[in-house]
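Student: The structure is given below, and queries will be raised subsequently.
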Amino acid sequence: MPRLAGKTDLIPNHPNQMWIDPHEPGVYLGQCAQYCGTQHAKMLLRVYVQTRDEFERWVHEQQRTPEPGILSAGQRIFESTACVNCHAISGTLG
């Protein structure tokens, strides 16, 4: 995320370390800078920086059990679109 930490190249077999310490809440935008496939130009990045209270509310919301119909609809979408090609969730086809 260039506005937060600059750019660090990824080189095989050369571990990198990075520390991001944002000073202002907000949404920071970026774009993938490594060529990694035909959809490369569409790989946008978003980092959401929140206050501690906002983050705690978000965590609480994420821990709620979703309604069964919503969960199965989301799983069908995830498994039938390109998401599953790059992202894996335990128990899915990815």
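Student: What FRET efficiency comes out for the pair residue 43/residue 71, r = Cβ-Cβ distance, R0 = 25 Å, nearest 0.05?
Tutor: After rounding to 0.05, the efficiency reads 0.40.
Student: Taking R0 as 22 Å, what's the FRET efficiency between residue 87 and residue 62 from their Cβ-Cβ distance, rounded to 0.05?
Tutor: For residue 87 and residue 62, the calculated efficiency is 0.85.
Student: Quick one: go through segment 4-31 and flag any residue whose amide nitrogen is under 13 Å from the point 7 Å out along the Cα-to-Cβ line of residue 55.
Tutor: Correct set: 20-26.
Student: How much accessible area does residue 11 have with a 1.4 Å probe, in Å² rounded to the nearest 10?
Tutor: Spelled out: residue 11, probe radius 1.4 Å, area about 100 Å².
The values are calculated or read from the model by the stated rules, or taken from the named source; none is laboratory data. These numbers were taken from a predicted model, which means no experiment stands behind them. Backbone-built Cβ (ideal geometry, glycine too); neighbour counts: all protein chains shown. Accessible surface is based on the protein model in full, side chains and every heavy atom, while ligands, DNA and RNA are left aside. Shrake-Rupley method; radii C 1.70, N 1.55, O 1.52, S 1.80 Å.
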